[in-house]
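S.K.: There's a structure below that I have some questions on.
The values are calculated or read from the model by the stated rules, or taken from the named source; none is laboratory data. A quick note: this is a predicted structure, and the numbers were derived from the prediction, not measured. Cβ: placed from backbone, ideal geometry, glycine included. Neighbour counts: every protein chain shown.
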Amino acid sequence: MNNIYYDTDNEEEFEFDPEEISVNQFYIALCELFNSKIHGYESSQVLTHYLVIKRYKFLNIEYIKNDAYMNCYKYLNVNLQHEIFPNYRNILISKKFLKPQIVKCIDLDSGHRIAIIKTIWIKIIQRTWKNIFKKRKEIIQKRKNISSLHNRELTDHWPNTCYTLPSIKGMLNYLKTAR
């Protein structure tokens with residue numbers, strides 16, 4: 001990691017004020033699992049959610065990495081347990097734990113700001129498009145085959161093995177049936 005440190009006087013350039021009420025629907029934020037030993041009194045609304053540590057005005061990877069690094073390792077020397085997650089320490093150590101997320105913020109009456117993580121949808125779309133793109137390449141290769149071209153010339157249709165070319169339209173329809 002680069003040794004780039006940012007002047008704390010310019011934090012308002014990168015971050016939203018913690019007390020500032022959420023006006024946007026989505027933010028770039030660092031989030032961590034609620035733990036009453038770290039975050040204070042527990043509320044049943046907060047117990048299984050991610051708390052928003054910081055919200056950012058724009059994506060500045062180096063600045064956010066520095067924040068994540070500073071927040072991630074401050075609890076590692078302490079033997080922390082969690083009421084729900086028995087592998088809490090392993091979750092804290094994971095490189096995937098404290099990273100910038102696209103979140104929807106919800107301000108609770110208890111004063112906590114929880115996050116509904118939306119980054120997962122980007123990953124689902126990327127994975128689905130990758131599979132569709134792979135299938136498209138396979139079908140295009142089949143259509144280049146001489147027998148497929150000959151069949152197309154005779155019948156005005158591609159053979160059944162390469163008839164339909166998958167597209168973006170309806171690519172997430174499989175999610176409806178998964179529920």
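S.K.: Whether any residue in the range 97-109 is aromatic (Phe, Trp, Tyr) and either touching an Asp or Glu at 6+ places or on another chain (Cβ under 6 Å) or farther than 21 Å from VAL52 by Cα (or both) is what I want to check. Write out each step before concluding.
M.R.: Looking only at the range 97-109, we keep the residues that are aromatic (Phe, Trp, Tyr), and these are 97.
Imposing the further condition that a residue be either touching an Asp or Glu at 6+ places or on another chain (Cβ under 6 Å) or farther than 21 Å from VAL52 by Cα (or both) reduces the set to none.
Among the residues of the range 97-109, not one is aromatic (Phe, Trp, Tyr) and either touching an Asp or Glu at 6+ places or on another chain (Cβ under 6 Å) or farther than 21 Å from VAL52 by Cα (or both), which makes the answer no.
S.K.: Please verify whether the range 113-122 includes one or more residues that are under 30 Å from GLN45 (Cβ atoms) and in contact with a His (Cβ under 8 Å, 6 or more places away or on another chain).
M.R.: In the first step, residues of the range 113-122 are kept if they are under 30 Å from GLN45 (Cβ atoms); the result is 113-122.
This time we only want the ones that are in contact with a His (Cβ under 8 Å, 6 or more places away or on another chain), so: 114-115.
Looking for residues that are under 30 Å from GLN45 (Cβ atoms) and in contact with a His (Cβ under 8 Å, 6 or more places away or on another chain), one finds at least one in the range 113-122, hence yes.
S.K.: I need the full set of residues from the range 50-67 which are at pLDDT 75 or above and more than 24 Å from VAL23 (Cβ to Cβ), in order please.
M.R.: Of everything in the range 50-67, those that are at pLDDT 75 or above and more than 24 Å from VAL23 (Cβ to Cβ) turn out to be ILE61, GLU62.
S.K.: Let me confirm something: among ASN71, ASN77, which residue is at pLDDT below 75, part of a loop (DSSP other than H, G, I, E, B) and among the polar types (S, T, N, Q)? Steps first, please.
M.R.: Numbers: ASN71 fails: part of a loop (DSSP other than H, G, I, E, B).
Residue meeting the stated conditions: ASN77.
S.K.: Is there a residue in the range 36-49 that is buried (at least 17 other Cβ atoms within 10 Å of the Cβ), modelled with pLDDT of 80 or more, under 23 Å from the mean Cα position of the chain (by Cα) and not in a helix (DSSP H, G or I)?
M.R.: Among the residues of the range 36-49, at least one is buried (at least 17 other Cβ atoms within 10 Å of the Cβ), modelled with pLDDT of 80 or more, under 23 Å from the mean Cα position of the chain (by Cα) and not in a helix (DSSP H, G or I), which makes the answer yes.
S.K.: Out of LYS176, LYS134, report the one residue that is at pLDDT 95 or above and closer than 22 Å to TRP121 by Cα.
M.R.: Details: LYS176 fails: at pLDDT 95 or above.
On inspection, the qualifying residue turns out to be LYS134.
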